[in-house]
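Here's the structure we're looking at; comments come further down.
The values are calculated or read from the model by the stated rules, or taken from the named source; none is laboratory data. Everything numeric in this text was worked out from a predicted model, so none of it was measured. Neighbour counts run over all protein chains shown; Cβ positions are idealised from the backbone, glycine included.
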Amino acid sequence: MVDPAADARKQSTVDVSVNASEDATHVKGGTTASVEQDDVQSKSEPTFLNRLPGILVRVVSWTVLVVCGLLIVAFVLVPRLTGSTPYTVLTGSMRPSMPPGTTVVVKPIEFSQIKVGDVITYQISSGKPEVVTHRVIGVNVTPDGVRLETQGDANPAPDADGVREEQVRGKVWYWLPVIGYVTNGVTSDTRTWLAQGLGVALIGYAVVTLIVTVVRRRKSDPAESEPEFVSGEEAGVEIGESSESGSRAGESSGGPHDPAPELLTRRSLREDNVQHSADDTST
C-alpha cells in the first residue's frame, strides 16, 4: 500500500529541484547577456592607440601655431613698437654665434653708450644702405673724433676703417638663426603685409580648431548630450526576466503550472481505491 504523505513529499522535492534548475538557468543566462553587453561596450569605446593620431595632429598643429605667433611678435610687432630694425646676416664673419641667414633685431642706441664687446650694425659708407654687423673691440679717440674699432668674430683681423657716429644704425638686441633665409629679399612693407596675413590665418585656424575639438568632445560623450536609451539586447533580457518571473509567480500561486491540483487529484483517487478495497473486504 502506497503512503500518500510520502508520495506528496517526493513530488514536492521534484518540484523544488525543477524550480532551482530554472532559477540557475535564468541566472546563468542573465550573466551571459551581461558579459556580452560589456564586451560590446568595450569594443565600441575608442582606445588610446586609436586616438593617438588625432592627438599627435593636434599637438603638432598647436605647436606650429604657437611658434609662428612668437616669430611674428618677435620680428614684426616688437621692432615696430620699439623703433628697431630687423636685418639679415649674409656672410660668415660673425660665426659661430650669427651664421649666414641669421635675423638680427637692431635697436637704436646713443653713440656714447656703446662699449667694447657690443655687437653693432653700421653702414659701410655713410648715407648708403649697405650695412655690416660686427663686434666692437675698441673705442679710439682721434683728432677727427671718436672712432669705434670693429671686427667680425670669425675674421682674423680688425676692420680697416674706424666707425663714426653717423654710420651706426644701432646695437644688436636679439637674433635668431635661419629665419633670415625666409625673409631675405622681402621688403619691409611686404614683410609687414605677409605677417599680418599670416597672423589672421593663424587666428582663424585656432578658432576653427577649437570649434572642431569642442564638437568632437560632445559627440564622444553622449551621456551629456543625449538621453539614455535601452538597447534591444537589454530590453530582450529584461522582458525574458519578467516572463520567467511571471511563470514562477504563477507556479507559486497555484496557476497553470501549479502541481498542487494534480497532487490532490491523485490523493483523492488513492483514497477512493482504499475505500473500495475496504468495502470489498467487509463484504
(Q) I'd like to know if the range 82-97 contains one or more residues that are surrounded by 12 or more Cβ atoms within 10 Å (Cβ to Cβ), farther than 17 Å from residue 171 by Cα, without any contact (Cβ under 8 Å) to a residue 60 or more places away in the chain and within 35 Å of the chain's Cα centre (by Cα). (A) no
Q. Does at least one position in the range 154-164 carry a residue that is modelled with pLDDT of 65 or more and within 33 Å of the chain's Cα centre (by Cα)?
A. no
Q.
Looking at the structure I just gave you, is residue 133 out of contact with any Ser or Thr (no Cβ under 8 Å at 6 or more places or on another chain), crowded, with 17+ Cβ neighbours inside 10 Å and touching a residue at least 24 places away in the same chain (Cβ under 8 Å)?
A. no
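Kindly indicate which of 121, 133, 150 is over 25 Å from residue 74 (Cα atoms), of a type outside the set (Gly, Ala, Ser), at pLDDT 95 or above and not assigned by TED's automatic domain parsing to the domain that holds residue 74. Full working, then the answer.
Values: 121 fails: over 25 Å from residue 74 (Cα atoms); 133 fails: over 25 Å from residue 74 (Cα atoms).
None of the other options fit; the residue is 150.
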(Q) Tally up the residues in the range 103-128 that are polar (S, T, N, Q) and in a loop (DSSP other than H, G, I, E, B), please. (A) 2
Q. What about residue 128, is it at pLDDT below 90 and of a type outside the set (Gly, Ala, Ser)?
A. yes
Q: Confirm whether residue 116 is free of Cβ contacts under 8 Å to residues at least 40 places away in the same chain, out of contact with any helix residue (DSSP H, G or I) (no Cβ under 6 Å at 6 or more places or on another chain) and among the β-branched types (Val, Ile, Thr).
A: yes
Q.
Quick check on residue 130: is it of a type in the set (Asp, Glu) and touching a helix residue (DSSP H, G or I) at 6+ places or on another chain (Cβ under 6 Å)?
A. no
**Q.** Only listed residue being out of contact with any Gly (no Cβ under 7 Å at 6 or more places or on another chain), surrounded by fewer than 13 Cβ atoms within 10 Å (Cβ to Cβ) and either within 25 Å of residue 101 (Cβ to Cβ) or not assigned by TED's automatic domain parsing to the domain that holds residue 68 (or both), chosen from 163, 141, 178
**A.** 141
